[in-house]
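So the structure is just underneath, and the comments pick up after that.
The values are calculated or read from the model by the stated rules, or taken from the named source; none is laboratory data. Since this is a predicted model, take the numbers as computed values, not measurements. Every residue, glycine among them, receives a Cβ derived from its backbone with ideal geometry; neighbour counts consider all protein chains shown. Accessible surface is based on the protein model in full, side chains and every heavy atom, while ligands, DNA and RNA are left aside. Shrake-Rupley method; radii C 1.70, N 1.55, O 1.52, S 1.80 Å.
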Amino acid sequence: MTSPDSPGNAPGVSRTAFTAAAARAAHLLVDAAPPLFSDPLAAPLLGARAEELLAYHRLHGSHPILAGARAEAVCRSRFTEERLLRTNSGIYQYVILGAGLDSFAYRTPPGRFRVFEVDRAATQAAKRALLEAAGITEPPSVIFVAVDFETDRLADRLVQSGLDLRRPVFVSWLGVTMYLTRAAILTTLTELGGLAPGSEIVADHLLPAELRDAAGNGYAEAVAPMAAAEGEPWRTFLSPAAMADLLRDTGFEVIEQTGQRGSVGANEWNRDDALKPSRLSHLTHARIPAPPRES
């Protein structure tokens, strides 16, 4: 039984931040080795809710909705962190939009990146309490940036928190766009389009029903009503072409687009567990190109 005083139960805290972290944690507990993605800090960051949230996966791990949640969470994290870590463009500023319980900054050797964790103030307060309770030190390279994506100017909040707009940035925007209006997505991308040339972004988005497969539609039909009941309704669905257009219109060039199947090695889907790729969402990797040289 979760205590009502648990940080995860505080008003305004994102419930989906906990379910996503639980999916990453459960992947290491119920799915076959080798894992698609390893986040050993996900379980400790669940705090008092760990037993409750992980029990669902332990008891019903082969259920397509729970397996689908794990596949969604680990594929997007794996894809993003691989592209961040292999960047050779000298990027050291890493912005995580909708950071939730993301643990990258706490399981990565300090010094490589300055990490700006962007989220609602209530979710950040809960995370910091959970970090302290788990004995996980906040490295000095982490900066918490409280933002409401629907109302705040993202660039202003980042600059106020110490982001250097003269230098390129890598932006992760995972598990957020479906909760925003299309106008809010465009506003955020327009602001990000003002980052320095060479800046990169990985963003995911849910596909519209006509582009999803049976597994993707089954997941959406089961999970969307629950998300709405928790006060986090799904508002926006985008085709890969629509997402690419939004990025191009705001100053980016698309590098790569893929779904769950293409987010990891093809042979890694030959598994002895319930994980299977579905057409539920899509990932896009894009960058801000350097301005053309004058002739």
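Could you tell me which residue of the range 189-247 is farthest from ARG166 (Cα to Cα), considering only residues that are touching a helix residue (DSSP H, G or I) at 6+ places or on another chain (Cβ under 8 Å) and of a type in the set (S, T, N, Q)? Here the answer is ASN217.
Among the residues making up the range 57-90, a single one is among the charged types (D, E, K, R) and at pLDDT below 95: ARG86.
Of all residue pairs spaced 6 or more apart or on separate chains, those with beta-carbon atoms under 8 Å, a first member in the range 101-113 that is in contact (Cβ under 8 Å) with a residue 40 or more places away in the chain and a second member that is of a type in the set (Lys, Arg) and buried (at least 19 other Cβ atoms within 10 Å of the Cβ) are LEU101/LYS127. With respect to GLY162, is the statement that it is at pLDDT 95 or above and assigned to a loop (DSSP other than H, G, I, E, B) true? Criteria met by GLY162. Looking at the range 31-45, which of the residues that are within 16 Å of the chain's Cα centre (by Cα) and not aromatic (Phe, Trp, Tyr) is most open to solvent (accessible area, probe 1.4 Å)? Checking each candidate, the answer is SER38. Quick check on the range 226-264: of everything there that is at pLDDT below 95 and of a type in the set (Asp, Glu), which residue is most open to solvent (accessible area, probe 1.4 Å)? Checking each candidate, the answer is GLU230.
Residue-wise test of (1) exposed (fewer than 14 other Cβ atoms within 10 Å of the Cβ); (2) more than 29 Å from ALA209 (Cα to Cα); (3) of a type in the set (Gly, Ala, Ser).
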| position | (1), (2), (3) |
| --- | --- |
| ALA133 | no, yes, yes |
| ILE136 | no, yes, no |
| VAL145 | no, yes, no |
| THR151 | yes, no, no |
| SER161 | no, yes, yes |
| TRP173 | no, no, no |
| VAL176 | no, no, no |
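For the range 131-154, residues that are under 19 Å from the mean Cα position of the chain (by Cα) and either farther than 20 Å from THR16 by Cβ or assigned to a helix (DSSP H, G or I) (or both) total 4.
Conditions (1) out of contact with any strand residue (DSSP E or B) (no Cβ under 6 Å at 6 or more places or on another chain); (2) of a type in the set (Phe, Trp, Tyr); (3) open to solvent by less than 20 Å² (accessible area, probe 1.4 Å); (4) modelled with pLDDT under 95, marked per residue:
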{"position": "ALA183", "(1), (2), (3), (4)": "yes, no, no, yes"}
{"position": "THR187", "(1), (2), (3), (4)": "yes, no, no, yes"}
{"position": "THR190", "(1), (2), (3), (4)": "yes, no, no, no"}
{"position": "ILE201", "(1), (2), (3), (4)": "no, no, yes, no"}
{"position": "LEU206", "(1), (2), (3), (4)": "no, no, yes, no"}
{"position": "LEU211", "(1), (2), (3), (4)": "yes, no, no, no"}
{"position": "ALA214", "(1), (2), (3), (4)": "yes, no, no, no"}
{"position": "ASN217", "(1), (2), (3), (4)": "yes, no, no, no"}
{"position": "ALA220", "(1), (2), (3), (4)": "yes, no, yes, no"}
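In the set (1) open to solvent by 40 Å² or more (accessible area, probe 1.4 Å); (2) in a loop (DSSP other than H, G, I, E, B), ALA48 fails one condition alone, (2). Mind checking whether some residue in the range 65-75 is open to solvent by less than 40 Å² (accessible area, probe 1.4 Å) and outside any helix (DSSP H, G or I)? Among the residues of the range 65-75, not one is open to solvent by less than 40 Å² (accessible area, probe 1.4 Å) and outside any helix (DSSP H, G or I), which makes the answer no. Mind checking which residues of the range 267-295 are open to solvent by 80 Å² or more (accessible area, probe 1.4 Å) and either without any contact (Cβ under 8 Å) to a residue 24 or more places away in the chain or in a helix (DSSP H, G or I) (or both)? Answer for the range 267-295, where residues must be open to solvent by 80 Å² or more (accessible area, probe 1.4 Å) and either without any contact (Cβ under 8 Å) to a residue 24 or more places away in the chain or in a helix (DSSP H, G or I) (or both): ASN267, ASN270, PRO292, ARG293, GLU294, SER295. Summed over the range 108-128, residues that are open to solvent by 60 Å² or more (accessible area, probe 1.4 Å) and part of a loop (DSSP other than H, G, I, E, B) total 5. In the condition set (1) closer than 27 Å to GLY262 by Cβ; (2) open to solvent by less than 20 Å² (accessible area, probe 1.4 Å); (3) not in a helix (DSSP H, G or I), ASP102 is compliant with all but (2).
Restricting attention to the range 4-22, does a residue exist that is under 19 Å from the mean Cα position of the chain (by Cα), of a type outside the set (S, T, N, Q), modelled with pLDDT under 95 and at positive phi? Yes, the range 4-22 has at least one match.
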